[in-house]
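Chemist: Just passing along the structure, written as structure tokens.
Please treat every number below as a calculation from the coordinates, not as lab data. Since this is a predicted model, take the numbers as computed values, not measurements. When we count neighbours, we look across all protein chains shown, and the Cβ atoms used for this are built from the backbone with ideal geometry, even at glycine.
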Amino acid sequence: MFTRFASKEAILPAIRSVFREWALAVADAVGWLFAVGLGLQEQKRIAVLRALPPIALGHALSIATIIAAVLLARVTVPPFDLKIAAAAILFAFGLYRLFRSRHPNWVGMRVGFGDLTLWSFVMASAHGAGLMLIPLFLKSAPQTLAPHTAPMALHMHPTCGLEFSNFNTPSLLTSSVAVHTLGYLLVTGLLAMLVYEKLGVGMLRRAWFNVDLFWMLALMATGVLILFL
Amino acid sequence: MPLLKPDPTFYPSPRLAMQAPPEKYAFVAALNPPGSKLNDALMVVDVDPDSRTYGQQVGQVTMPEFGDELHHFGWNACSSALCPYAPHPHVERRYLVVPGLRSSRIHIIDTKPNPRKPKIVKVLEPEEVFARANYSRPHTIHCGPEGIYVSTLGAPNGDGPGGIFMLDCETFEILGQWEMDRGPQFLHYDFWWHLGFDTLLSSEWGTPNMIENGLQPDLLLASKYGHQIHVWDLRRRRHIQALDLGKEQQMVLEMRPAHNPTKAYGFVGVVVSLKDLSASVWLWHRNDGAWDLKKVIEIPAEPADPANLPPMLKDFKAVPPLVSDINLSLDDKFLYVSCWGTGEFLQYDVSDPFNPKKTGSVRIGGIVNRTSHPKKPNQPLSGGPQMVEVSRDGKRIYFTNSLYAAWDEQFYPDGVGSWMVKLEADPQGGIRFDENFFVENGDYRVHQIRLEGGDSSSDSFCFP
């Protein structure tokens, strides 16, 4: 089945993944905006571009931490317990943030690479960016596929987490984080350049929807769905 | 409850804020004159020229206890909520944080749903401020990246140091002192910041014990009142640099940094120079990474007949300008200067901040002149131009006439009166009175003005 519909199967997940990255980037809302802010402060396009790698790196580290924790837990915790724990964490996190949306205590426009990486890590973590990916890593690996087919699977299904389940843990971690981060970087960069070059920050007044609310509800819903995986 | 879209009164940049619709209401701090038995109040004044009640007081909320001396106040949230490093754009600009300068009591006042009927929703008692912040005499309020910043004049016992403490912008909980390392800073008055440079600046007046019983001539002549500004690392909350204006420059008050976050300069007013009773405005600016000062405006004292002067000034045979407040339009183009002593109100074009050009002047009140308002040309006025506020679009200027209860009496011994006026400002330069706007109040003295939806000293911006 995988080989017969390879081309179609490769495109659909790619589109899906772009949408998911887009949603994540917009939900995180602030990586691209900080890049724009730094560009406007220095009045140089290069400042926008320079901000992107550390922002993506911080985001990647945050997600990697969560995924690593899940993969590690998968080794030691029985699948059923893990499922319950993951569901509880997602639901509780969403609920907490829904009712106590304290804004992040970060001050500072004069930031270097390290600062920006740390900032991005904190923001992504506070937002629960990595948590949304947990369900993709909960299912245990199907025994039928041999490990050597894995690189092929990666190639065809860039971000469909379920397919990653075939990997041994470290490569699964690296590749999923890499793919996710690449998508995040792409969308963050595009959005930042679009706003910096064309739209201007005035659009914030019209288009900055409170996706936080939906994001937190989505986290809670995902928590519930995990139970039925 | 969080909003679904950013509060419509939050603006990413000062330029966008200037395109905002004109304000319809002004909130004005009203304090009981000495000898009065009234509790202080927050007044609501109709400033919509199309309204039937234009130029009248249309609402009031009275404070629960006697003797607060309401002074400066501010919003729970403002445009800085859009700052990209700590965005919280879906909170509401809704609550006014209104401290009593004498009582140290802080009132949280809800201006919605009906701005004509504001309501007190929370009161922070002085004991709580003392215990949790170890400061007293709260003064200026700024909404900023980490929440609400509250300026204070001193410690609970009335000595120094004065400083800044933090309030949570949603729960109004006192979060504690802001400073991590205050260095040599001891006196405090105003503060504001350059968000684009992670820099906070603060100014100096005096400790509560130095001011609460009136201006003390012995302290003044010994140069004991403040004459420095302090530069702080806003991010690490550390003192970086003290800039001395010279010991003869007494009382360094209101700070107005450029609104454009890419510009690292601002203006601060000095009440009086001991050398010649002149007042001045100084420019601070960044020079090779460090901060520097330059006097850019000097306003001389005006010779006067001692018979017309209060006892404190008779020997000097001159009336000092006493610059008590300044304000900068959102485009950083016009600086407004209140001369509370001479009764002059000045407009300067500060497009080149190093070389301000005088572009307008009106007179009202004044220790000697007692100039009247065009609406009541036969009524001499006491008090002078004092707390000034500039509308977001820069076209309307409002100001009131009282300085500080204990000091009003020293300069206007026969009573300071109570009035609020409005000027119209020409975008090319020039100011004139709106002849239909003259708000008097027999019961209260009036102090700071805040305009509905934000004004030129309420918001700070992270985008140019």
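Chemist: How big is the protein assembly as shown on each of its three principal axes, counting only the C-alpha atoms and giving the largest first in Å?
Modeler: Principal-axis extents of the Cα atoms in the protein assembly as shown, largest first: 106, 50, 49 Å.
Chemist: Please return the longest range in chain B lying between exposed loop sites, taking trypsin sites (Lys or Arg not before Pro), DSSP loop only, at most 11 other beta-carbon atoms within 10 Å, and leaving the sites out.
Modeler: In chain B, the maximal stretch lacking such sites is B:53-274.
Chemist: DSSP loop chymotrypsin sites (Phe, Trp or Tyr not before Pro) in the stretch B:18-79 with at most 14 other Cβ atoms within 10 Å of their Cβ, which ones? Don't skip to the answer; put the middle values down first.
Modeler: Working: sites: B:25, B:27, B:54, B:66, B:73, B:75; in loops: B:54, B:66, B:73.
Answer in residue order: B:66.
Chemist: Give the lysines whose C-alpha is closer than 22 Å to that of residue B:375, dropping any in the same chain fewer than 8 places away, or say none.
Modeler: B:24, B:395, B:422
Chemist: Charges only on Cβ, +1 for Lys and Arg, -1 for Asp and Glu: so what's the dipole of the stretch B:117-169 about the Cα centre, in debye to the nearest 20?
Modeler: On the way: 5 positive and 6 negative charges, 60 e Å.
About 280 debye.
Chemist: What FRET efficiency would be calculated for the residue pair residue B:112, residue A:85, taking the C-beta separation as r and a Förster radius of 45 Å, to the nearest 0.05?
Modeler: Working: r = 43 Å, r/R0 = 0.95.
After rounding, the FRET efficiency stands at 0.60.
Chemist: Take the alpha carbon atoms of the stretch B:202-231, find their center, do the same for the stretch B:282-318, and report the distance between the two centers in whole angstrom.
Modeler: Taking the Cα centre of the stretch B:282-318 as reference, the centre of the stretch B:202-231 is 15 Å away.
Chemist: Going toward the positive end of the dipole of the protein assembly as shown, with +1 on Lys and Arg Cβ and -1 on Asp and Glu Cβ, which of A:116, A:69, B:74 do you reach last?
Modeler: The listed residue farthest towards the positive side: A:69.
Chemist: Would you list A:222, B:171 from fewest to most Cβ contacts within 10 Å?
Modeler: Details: A:222 20, B:171 12.
Ranked by crowding around the Cβ, least crowded first: B:171, A:222.
Chemist: For chain B, what does -39500 (n - 2.57) per DSSP helix run (n ≥ 4), summed and divided by total residues, give at 222 nm, in deg cm²/dmol to the nearest 500? Please list the in-between numbers first.
Modeler: Details: 5 runs with 29 residues, N = 464.
Helices in chain B give a 222 nm mean residue ellipticity of -1500 deg cm²/dmol.
Chemist: How much net charge surrounds residue B:187 when only the other residues with a Cβ under 10 Å from the Cβ of residue B:187 are counted, with Lys and Arg +1 and Asp and Glu -1?
Modeler: On the way: positive: B:224; negative: B:204.
That sum, taken over residues with Cβ under 10 Å, equals 0.
Chemist: Would you tally the net charge around residue B:269, using a Cβ to Cβ cut-off of less than 13 Å, leaving residue B:269 out, and scoring K and R as +1, D and E as -1?
Modeler: Values: positive: B:256, B:295; negative: B:190, B:204, B:254, B:298, B:325.
That works out to -3.
Chemist: Using only atoms on other chains, find how many Cβ atoms lie within 10 Å of each Cβ of peptide B:162-172 and report the average. Don't skip to the end; give the middle numbers.
Modeler: On the way: counts 0, 0, 0, 0, 1, 0, 2, 2, 4, 2, 0.
Across B:162-172, the average partner-chain Cβ count within 10 Å equals 1.
Chemist: Given the C-alpha atoms of chain B, compute the convex hull and give its volume per residue in Å³. Display every interim value, and only then the final one.
Modeler: Values: hull volume 60.4 nm³, N = 464.
Cα-based convex hull of chain B, divided per residue, equals 130 Å³.
Chemist: Using the number of other C-beta atoms within 10 angstrom as an exposure proxy, rank B:312, A:132 with the fewest first. Intermediate results must be reported in sequence, preceding the final value.
Modeler: Details: B:312 14, A:132 21.
Ascending number of Cβ neighbours within 10 Å: B:312, A:132.
Chemist: Name every cysteine in chain B that ends up alone, with no second cysteine's Cβ under 4.7 Å, or say none.
Modeler: Result for chain B is B:169, B:339, no neighbouring Cys Cβ within the cutoff.
Chemist: Rounded, prolate or oblate, given the Cα gyration tensor of the stretch B:83-215, with a/c below 1.5 counting as rounded? Walk me through the intermediate numbers first.
Modeler: Working: a/c = 1.96, a/b = 1.23, b/c = 1.59.
Since a/c reaches 1.5 but b/c is at least a/b, the shape of the stretch B:83-215 is classed as oblate.
Chemist: Within 10 Å, Cβ to Cβ, of residue B:119, how many net charges do the neighbouring residues add up to if Lys/Arg are +1 and Asp/Glu are -1?
Modeler: On the way: positive: B:112, B:117; negative: B:110.
Net of charged neighbours comes to +1.
Chemist: For the protein assembly as shown, what is the charge dipole size about the Cα centre, in debye to the nearest 20, if Lys and Arg each add +1 at the Cβ and Asp and Glu each add -1 at the Cβ? Don't skip to the end; give the middle numbers.
Modeler: On the way: 62 positive and 66 negative charges, 442 e Å.
The dipole of the protein assembly as shown has a size of about 2120 debye.
Chemist: Let me ask something additional. I'd like the FRET efficiency for residue B:314 and residue B:440, computed as 1/(1 + (r/R0)^6) with the beta carbon distance as r and R0 of 30 Å, rounded to 0.05.
Modeler: Working: r = 29 Å, r/R0 = 0.98.
Working from the Cβ atoms, E equals 0.55.
Chemist: Which shape class, rounded, prolate or oblate, goes with the stretch B:140-269 when its Cα gyration tensor gives a ≥ b ≥ c as root eigenvalues, a/c under 1.5 marks rounded, and past that a/b bigger than b/c marks prolate? Mind showing how you got there, number by number?
Modeler: Details: a/c = 2.01, a/b = 1.32, b/c = 1.53.
In terms of gyration-tensor shape, oblate.
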